[in-house]
Amino acid sequence: MKTTLTAPVTQSKPLPPVDAKARVSLLMRQLQDEICQGLQLLDGVAKFQEDAWERPEGGGGRSRVIRDGGIFEQGGVNFSEVWGSHLPPSILAQRPEANGHQFYATGTSMVLHPRNPYVPTVHLNYRYFEAGPVWWFGGGIDLTPYYPFVEDVAHFHLTLKQACDEHHSEYYPVFKPWCDEYFYLKHRQETRGVGGIFFDYQDGEGELYKGPDAKGVAANYSDGVGRPQTRSWEELFAFVQDCGRAFLPAYTPIVQRRQSMEYGDRQRNFQLYRRGRYVEFNLVYDRGTIFGLQTNGRTESILMSLPPLVRWEYGYQPEPNTPEAELYEVFLKPQDWVNKKD
């Protein structure tokens, strides 16, 4: 008598639709268009100049840069999509199961450096990656003020929290501390700014936190939540759409409140000094910069995130009881900004 063994039924890994690449590529281009249109209206003077490029190994993109505007000293909003057969070391180190597969990656990234020190620098990046059976969404947004105001930071975080809450009640409580953890300059022992949200390797399975610090705040909260119900590609795609479109409502009111504030040499010099932290982070830690350089991306587009003017000062210490000291003592300490009061 022949005995047939039946394997237990298990839930299959969520898979992207057949048109996933085309749909994400379209979304990333739409986000670039919408953000550029909104920022040009906000600036009122300068226009974005587009520079299309091609990558010899496959793919390309379009870089848009704004300079010498009414608000923005310099900024860029990039779209890229690249593909190829050789995965960069930065990916293989995190996801070795992708080895041996062709890859596809697309995303929109943005950095804005306003001239007025009372208007914060802001960064955004959302991306999608596929390599054979491996796929995920990643990205985030964070704010880097020089002379911050609690109401601005609270508004920024509340807008992001509302976008997250539309999709999962545990997204913001995990992705907010993950952002604090990611945008951290280890050699300075300080955060880059006041954070926002950050996530990576979101493929609908496993714990929400998939970062390197197993004992950090984000990991501890995620461990407490456990493994949420499997989320589909469509659910994560919708989440990234809403996060991308939350940028203008999160940032525009801050600019409108601060763009006319008067400043002098003291504020300008401090802004240029703090911009040095931005340069240090992007060249040492930023995952998008590392990926772009390792995949032979366009150098001008990758490094458009760097500010046009910056200064370093040896052994700088802010004077006690000054706005500069308040940045270090209050705003560079991760905290519950949504419920923060003046």
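The values are calculated or read from the model by the stated rules, or taken from the named source; none is laboratory data. Note that this is a predicted model, so its numbers are computed, not measured. Here Cβ is always computed from backbone atoms with ideal geometry, including for glycine, and neighbour counts include all displayed protein chains. Accessible surface is based on the protein model in full, side chains and every heavy atom, while ligands, DNA and RNA are left aside. Shrake-Rupley method; radii C 1.70, N 1.55, O 1.52, S 1.80 Å.
Reducing the stretch 212-274 and the stretch 53-84 to their Cα centroids gives an inter-centroid distance of 21 Å.
The residue list 41, 334, 307 was ranked by how far each Cα lies along the charge dipole of the chain toward its positive end, using unit charges on Cβ atoms, and 307 comes out on top.
Below 14 angstrom from the Cβ of residue 114, what's the summed charge of the other residues (Lys, Arg +1; Asp, Glu -1)? Value of the local net charge: +3. Per atom type, the stretch 256-303 shows carbon and sulfur on 46% of its accessible surface, probed at 1.4 Å.
Pairs with C-alpha atoms separated by more than 20 Å, drawn from the list 215/341; 21/161; 13/210; 210/333, are 215/341; 21/161; 210/333.
Report the charge-dipole magnitude of the stretch 204-290 in Debye, nearest 20, computed about the Cα centre from +1 at each Lys and Arg Cβ and -1 at each Asp and Glu Cβ. That gives the stretch 204-290 a dipole magnitude of about 460 debye. Under the classification rounded if a/c is under 1.5, otherwise prolate if a/b is larger than b/c and oblate if not, where does the stretch 42-196 fall, given a ≥ b ≥ c as square roots of the Cα gyration tensor eigenvalues? Verdict is oblate for the stretch 42-196.
When only the Cβ of Lys, Arg, Asp and Glu is charged (+1, +1, -1, -1), the dipole of the stretch 155-233 relative to its Cα centre reaches about 220 debye.
Evaluated with a Cβ-only charge set (Lys, Arg +1; Asp, Glu -1), the chain carries a dipole of roughly 340 debye about its Cα centre, given to the nearest 20. Computing FRET efficiency as 1/(1 + (r/R0)^6) for residue 329 and residue 207, where r is the C-beta to C-beta distance and R0 is 22 Å, gives about 0.05. Rounded to the nearest Hz, the phi-derived 3J(HN,Hα) couplings of the stretch 324-334 under the Karplus curve 6.51 cos²θ - 1.76 cosθ + 1.60 (θ = phi - 60°) are 5, 5, 4, 4, 6, 7, 10, 7, 8, 10, x, where x marks glycine and proline. For the stretch 214-288, the list of chymotrypsin sites (Phe, Trp or Tyr not before Pro) that fall in a loop by DSSP and count at most 13 other C-beta atoms within 10 angstrom is empty.
Under the shape rule built on the C-alpha gyration tensor, where the axes satisfy a ≥ b ≥ c, the chain is prolate, since a/c reaches at least 1.5 and a/b is greater than b/c. Quick one: if the Förster radius is 35 Å, what FRET efficiency do residue 256 and residue 223 give, using the C-beta to C-beta distance and rounding to 0.05? About 0.30, to the nearest 0.05. Mean separation of Cα pairs under 8 Å and 6 or more residues apart, divided by the residue count, gives the chain a relative contact order of 18 percent. Think of a 1.4 Å ball rolled over the protein heavy atoms: the chain then has 47 Å² of accessible area per residue. Our helix-only sum for the chain, with -39,500 (n - 2.57) per DSSP H run of n ≥ 4 divided by its residues, gives a mean residue ellipticity at 222 nm of -11500 deg cm²/dmol.
Loop-resident GluC sites (Glu not before Pro) (DSSP state other than H, G, I, E or B) in the stretch 231-326 with no more than 11 further Cβ atoms inside 10 Å of their Cβ: 262, 313. The trypsin sites (Lys or Arg not before Pro) of the stretch 202-284 that meet both conditions, a loop assignment by DSSP and at most 11 other Cβ atoms within 10 Å of the site Cβ, are 215. Counting protein heavy atoms only, the stretch 27-67 has 44 percent of its accessible area on carbon and sulfur, 1.4 angstrom probe.
A straight chain from residue 185 to residue 316 at 0.36 nm per residue would run longer than the Cα-Cα distance by 45.5 nm.
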